[in-house]
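These notes are about the structure you will find just below.
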Ligand SMILES: Nc1ncnc2c1ncn2[C@@H]1O[C@H](COP(=O)(O)OP(=O)(O)OP(=O)(O)O)[C@@H](O)[C@H]1O
Ligand SMILES: [Mg+2]
């Protein structure tokens, strides 16, 4: 497999490194992080085994259980960013039983393959970036130079002149100039002909625009566009040339089958409880449809048949009403690794406010800095915000870390509104500021039900 330059391949990461990488964004939930890290590592270990042993070992799928807003989806999202393994996240509730109108569950495998292919194509083009850049420049120069020649009489054929123009092109000197370019297939069709669409409507549209691409004399129609736009078009065309589509599909298929991860969110919503009503029957149908995919089946896609045996499935749900035991037994058995995510306390909230790379206090500070206002939070203030969020979760619904967003929004409402008038100022958010803005609301149960 080709490797991405500069980025540590998920294959090379040991469990402790995966956990550490997750720690940068997700606070606590160590059990869940460890379990997932081990599951991912086990697939790498499995790949190192001789084929006959390997075939006996299938990935152990994971069921994440935890109340709303404690980080289930966040962990998955971060794995996705980390993993240069193909990854998709789907919601179990989006699917309908085969035979009914709606998305069938097999489409998740097709989506995974699509994601894998996209990833592989980008990587392949990346490794030939210099070659592509050079070709793009050459084609742009071929478009720009004849026009310069005509208007100034400069001998653009001389090679040193060409190199001078190349420098200018790199500096963006020509960005706002216009050049004439033949209309390309891709621009006209808006989609690629190859392997993309078998839909009649698309084809008809394509045929229609094929006609309009040529003038009456049968020569391609020319059109004027900016150099900037021409560069985009040419870049895409050259990228397509260096990526061998067959090779890309082969590689993408292997990755999807061997390293793919499908995250099925909201799995509890398709679990049914007790006596079955109509909607329970169709939910159970979705579970029955998911079963063979998780067990290992062959799904046909436009890129060929994908075997799902070694795809890792991570299912997640709050399970506040239904329990894991409300899933059909066969499906329960296919998710042997269970991890529980814990409810978050005030101390966790404090850390969530400050520690993650994308922590929300950092986000607000960054937003307001664009208006020239510099906002800082004192440590005491952060503790106060965390404990208010925690308290409101206890008295109103417990929505986990999402409560921090509603509290922060309310806290900074005034400031966000008038930031433009405070240009150049420094605003310290202190404990008193927090209390002033929020105490009244927190104490009034009715009010906080609406506002926080
Ligand atoms: N442990 C955590 N560390 C850092 N941020 C968290 C944590 N838990 C939740 N968050 C933040 O709270 C928000 C909601 O979390 P997330 O989407 O993971 O919830 P969830 O567990 O999937 O809930 P649901 O069951 O409602 O889907 C996210 O923006 C996330 O950044
Ligand atoms: Mg979620």
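Once you reduce region 20-90 and region 382-414 to the center of their Cα atoms, the two points are 30 Å from each other.
For the chain, the antiparallel share of DSSP beta bridges with both residues in that region comes to about 30%.
Between 0 and 90 degrees, the angle of helix 360-369 with respect to the longest Cα principal axis of the chain falls at about 50 degrees.
Remark: 36, 429 ranked as 429, 36, counting other beta-carbon atoms within 10 Å and listing the fewest first.
Projecting the alpha carbon convex hull of region 346-451 along each direction and taking the average yields 6.2 nm². At an R0 of 22 angstrom, the distance between the Cβ atoms of residue 357 and residue 430 translates into a FRET efficiency of 0.30.
As a proxy for reagent exposure, ranking 88, 399 by other Cβ atoms within 10 Å from fewest up yields 399, 88.
One-quarter of the Cα convex hull surface for region 334-375, in nm²?
Working: hull surface 19.2 nm².
The number I arrive at for region 334-375 is 4.8 nm².
Fully extended, how many nm does the chain gain between residue 342 and residue 171 (0.36 nm per residue separation, minus their Cα-Cα distance)? The partial results should precede the final answer.
Values: separation 171, 0.36 × 171 = 61.56 nm, distance 5.36 nm.
Additional length available on full extension: 56.2 nm.
Using only alpha carbon pairs under 8 Å that are at least six residues apart, calculate the relative contact order of region 346-451 and give it in whole percent.
Working: 117 pairs, mean separation 36.3, N = 106.
It comes to 34 percent, rounded to a whole number.
Seen against the Cα atoms of the chain and their longest principal axis, helix 129-152 is set at about 40 degrees. Just check region 288-356 against the gyration tensor rule for me: Cα atoms, a ≥ b ≥ c as the square roots of the eigenvalues, rounded for a/c under 1.5, and otherwise prolate or oblate depending on whether a/b exceeds b/c. Oblate. The alpha carbons of region 251-380 occupy a box of 56, 45, 27 Å along the principal axes, longest dimension given first.
Here 116, 300, 374 are placed in order of increasing Cβ neighbour count within 10 Å, fewest first, which gives 300, 374, 116.
I want to verify the translational diffusion coefficient of the chain in µm²/s; compute it with Stokes-Einstein, Rh as the Kirkwood radius over Cα pairs, at 4 °C and 1.567 mPa s.
Values: Rh = 26.5 Å.
The Stokes-Einstein estimate is 49 µm²/s.
One Cα centroid belongs to region 96-148, the other to region 306-327; the line between them spans 31 Å. Given a Förster radius of 45 Å and the C-beta distance between residue 291 and residue 413 as r, what FRET efficiency does 1/(1 + (r/R0)^6) yield to the nearest 0.05? So the FRET efficiency works out to roughly 0.40.
Helix 159-170 and the longest principal axis of the C-alpha atoms of the chain enclose an angle of approximately 30°.
Report, in deg cm²/dmol and to the nearest 500, the calculated mean residue ellipticity at 222 nm for the chain, where each DSSP H run with n ≥ 4 adds -39500 (n - 2.57) and the sum is divided by the residue count. Mean residue ellipticity at 222 nm (helix-derived): -17000 deg cm²/dmol.
Only the coordinates and a few stated rules stand behind these numbers; no lab work does. Just so we're clear, the structure is a prediction, and the values are computed from it rather than from any experiment. Quick reminder, even Gly has a Cβ in these numbers, built from the backbone with ideal geometry, and neighbours come from all protein chains shown.
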